[in-house]
C-alpha cells in the first residue's frame, strides 16, 4: 500500500531545494553569498531529514544527491551526439591573421565578427540535460566518445543539477573542469602531509580527479567549472554570444572575460590585455580561444579533420627558465625510434617542477650544440612539454665536449640504423626489451584498448615475472590470477579490476584494435580510415602496397609501413593470438544498413544545409560507409551543396565532380 505524502511536506521539500540551489548559485557562481554557512547547513540538514522520513520525495536533482554513497565501479562509454572537436593552435599574430584571411576567402564579402574567450588549462566535458535535469556528464575522450563521469560532475556545486525554463528543457552544455591555483596548492600540501607523491600540475590532477571511482574523494577536492557552449533544438541560437548569455540566464557559471571583436586587430588587443593579467587570475590559462560569432557562418566554414575552421586557439608565449643539463640519455620507443632526453637540474616552471626535457633528435642536438654540463634556457612548449630552447654558451666549461651519437642501441646493443629520408635513428631489433615494453604500453593506453590498471609500473612487474612477453599475453593473465595474487601490492580487488578491464577491452571496435597494434605512422585517424575502407584485418593483410596507397588520405610512407607490418610473421602470430582471445578484427559497419550509394564514396559538404546540420549529414555519410573531406579533389565523388556554397562549386565544376542537392542526397539515402 502506497502512503501519500502530505502536500505541505512536498511544498517544504521543493522550497528547501530551491533555496539551497539559489545559495549554491550565489556562492559558487556569483561569489556573492547572501546566507552564512550555518544557515545553509541547517537547510541541507532539514531537507535530508525530510527525505529520510519520506523517501518517495527523493529525486536525482536534489542537492542531497550530489555525492554518491557508492563508488563508481566502471566508467561507461558515452557517444557524443555532436563531436567534441579540438582546436588548431596559433603561436603568433601572423598565424591569427592567416586564420582571418582563410575565413575571408570562404565567406567572401559577407561581414563577420569574432568572439574571444579564455583558454582554460583544464579538461572539456559535456553535460546533457533532459526534461530540465542533468542526466549524463561525459569527458571529451577521443572527440567522438568519452567516459561517463556523471556522479563526479555532480560533486561540483556550481554545476546545476536541474536547469532550463518553459522554452528549453532538453539541451547540451559544454565547458571546462579545472582547479583554482590555491585549491591545487592545498591538495599538494595534503599529499605532503601524508608523505605521498606530489601532483605535477593542476590540469592533469583535475583530469585524474574526475576519473576517481570514489565520488566522496572527488567532492573533497573542490573542482571548478566554467560553461562556454549550449546546444538545443528547442530555440534558435544565432550567435555564440547568444549561447553564452543563455547559459548565464540558466544560472550556469560563465567566465566574465569574453568579448566580441569586429576585426582581427581587436582580437589582438584582447589577447594582449589578457596576457598582462594572466598571472593574477585565480586559475591557469594558456591562451585565448577565438571563434566566428555567427552560428550560420560556423556551419558554412565547417571543419577540417578534427578541428573547426571557424575557431582557433591563440597560445601565449611559453614560460622560460634556466637550468643545467646533468646528462643526456637515449630512450628507445615502441617502433625502435631512439630519442635523446636531457636530465636537468630540477627547476620550477609554469606550475610544475621540471627535471627532464626532450631533445627531439640528434640533428637538433647538433644544430643547437647541446652538451652535457651546459646551462640552458628551457620552456614548456604550449605550456605542456618541456624542451631546451637554447644554450647559454658564455657559461659553458672549457672541458666541454660535443655529444656523440651512439652507434648501438642503449638497451639491447644492436647496431642502430638511419633511413636516408628520416632524421631519426632506429633500433632494428624487434625483440628489444624497450620496444616490447613500449608496444605493450601503447596497446593498453587510453586511446587504444584503454585497459585501466595496467600502468607502466604494473607492466614492468608483469614483464619481470614472465607473465607477459608481448601484448597478446595480456589476454592470458586471467589464467595467472593466483600467481599475481602472490606478488606484493596486489590485493584481490585490484587484480579483479585489472582482469575486468582486460575483458571489457574485447568490446573495442576494429579501428581501436588496429591503432593498438602499434604500426609505425598509424595514428587514430589513419586507423579509422583503414578499418572503414578494408572492413577487416584479413582484407588489410591481403592488400598490396598500391591498393593501400589508393585509399584517400593514405600516402606512400603509411602504405609501406602497413604492408611491411603484415609481412612480418611475428606480427601475424600476435594478431592470430588476439583473434583467439576474442578481439574485434572486423569493422562494425557491416552490421549497419548497407547503401551502395555511400560505400567508399568521398563527400564534400559546403554551404548551409537546410534539413541537416553539418555534423548530422557527416554522420549519415559515415554510417553508410562513406567519408567526408574538407576539400574538393579528383578523388571527390560528390559535393553536397547548400546555400552560399562558394568557391567549392567552382572547384567541383573544374574537376568534373558531381554536385548534388538536398533532394538528391535524400534519394541516395532511400535507395539501398
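The values are calculated or read from the model by the stated rules, or taken from the named source; none is laboratory data. Please read these numbers as outputs of a predicted model, since none were measured by experiment. No Cβ is skipped: glycine too gets one built from the backbone with ideal geometry, and neighbour counts run over all protein chains shown.
Considering each residue of the range 411-424, count those that are under 24 Å from residue 357 (Cβ atoms) and either at pLDDT below 95 or part of a helix (DSSP H, G or I) (or both), and give that number. Before the answer, list the steps.
At the first step, the residues of the range 411-424 found to be under 24 Å from residue 357 (Cβ atoms) are 411, 416, 418, 422-424.
Imposing the further condition that a residue be either at pLDDT below 95 or part of a helix (DSSP H, G or I) (or both) reduces the set to 418, 422-424.
Here the count works out to 4.
State whether the residues of the range 299-309 include one that is over 30 Å from residue 521 (Cα atoms) and either outside the structural domain of residue 642 (by TED's automatic domain parsing) or at pLDDT 95 or above (or both).
Just the residues of the range 299-309 that are over 30 Å from residue 521 (Cα atoms), to begin with: 299-300.
This time we only want the ones that are either outside the structural domain of residue 642 (by TED's automatic domain parsing) or at pLDDT 95 or above (or both), so: 299-300.
Yes, the range 299-309 contains a residue that is over 30 Å from residue 521 (Cα atoms) and either outside the structural domain of residue 642 (by TED's automatic domain parsing) or at pLDDT 95 or above (or both).
Run down 551, 562 and say which single residue is touching a helix residue (DSSP H, G or I) at 6+ places or on another chain (Cβ under 6 Å), closer than 27 Å to residue 633 by Cβ and assigned to a helix (DSSP H, G or I). Checking each option against the conditions leaves just 562. When every residue of the range 323-341 is checked against the conditions, at least one turns out to be under 30 Å from residue 271 (Cβ atoms) and touching a residue at least 12 places away in the same chain (Cβ under 8 Å).
Go through the range 318-330 and report how many residues are at pLDDT below 95 and in contact with a helix residue (DSSP H, G or I) (Cβ under 8 Å, 6 or more places away or on another chain). Total meeting the criteria: 0. Look at (1) closer than 30 Å to residue 179 by Cβ; (2) at pLDDT 75 or above; (3) surrounded by 15 or more Cβ atoms within 10 Å (Cβ to Cβ) and you find that residue 12 fails only one, number (1). All of (1) farther than 27 Å from residue 599 by Cα; (2) in contact with a helix residue (DSSP H, G or I) (Cβ under 6 Å, 6 or more places away or on another chain); (3) free of Cβ contacts under 8 Å to residues at least 24 places away in the same chain hold for residue 527 with one exception: (1). Residues that are over 23 Å from residue 408 (Cβ atoms) and either in the same structural domain as residue 437 (by TED's automatic domain parsing) or more than 27 Å from the chain's Cα centre (by Cα) (or both) number at least 1 in the following strands (runs of 3 or more DSSP E) confined to the range 318-368: 320-332, 337-349.
Residue count for the range 508-542 satisfying the condition of being under 28 Å from residue 424 (Cα atoms) and either touching a strand residue (DSSP E or B) at 6+ places or on another chain (Cβ under 6 Å) or in a loop (DSSP other than H, G, I, E, B) (or both): 7.
Which of the residues spanning the range 455-469 are within 27 Å of the chain's Cα centre (by Cα) and either in a helix (DSSP H, G or I) or crowded, with 17+ Cβ neighbours inside 10 Å (or both)? If the condition is that a residue be within 27 Å of the chain's Cα centre (by Cα) and either in a helix (DSSP H, G or I) or crowded, with 17+ Cβ neighbours inside 10 Å (or both), then 456, 457, 458, 459, 460 are the ones that fit. With a requirement of 3 or more residues that are over 27 Å from the mean Cα position of the chain (by Cα) and without any contact (Cβ under 8 Å) to a residue 60 or more places away in the chain, the strands (runs of 3 or more DSSP E) lying completely within the range 573-672 that satisfy it span 638-641, 658-660. Report every pair of residues separated by at least 6 positions or lying on different chains whose Cβ atoms are under 9 Å apart, first residue within the range 224-236 and surrounded by fewer than 18 Cβ atoms within 10 Å (Cβ to Cβ), second modelled with pLDDT of 90 or more and in a loop (DSSP other than H, G, I, E, B). Within 9 Å, the pairs are 231/237; 233/170; 234/168; 234/169; 234/170; 235/168.
If you go through the range 163-180 and pick out every residue that is part of a strand (DSSP E or B) and either at pLDDT 95 or above or crowded, with 18+ Cβ neighbours inside 10 Å (or both), you end up with 8. Would you be able to say whether some residue in the range 291-312 is touching a strand residue (DSSP E or B) at 6+ places or on another chain (Cβ under 6 Å) and within 30 Å of residue 442 (Cα to Cα)? For the range 291-312, residues touching a strand residue (DSSP E or B) at 6+ places or on another chain (Cβ under 6 Å) and within 30 Å of residue 442 (Cα to Cα): present. Counting only helices (runs of 4 or more DSSP H) wholly contained in the range 193-294, the ones carrying 2 or more residues that are modelled with pLDDT of 95 or more occupy 240-249, 264-277.
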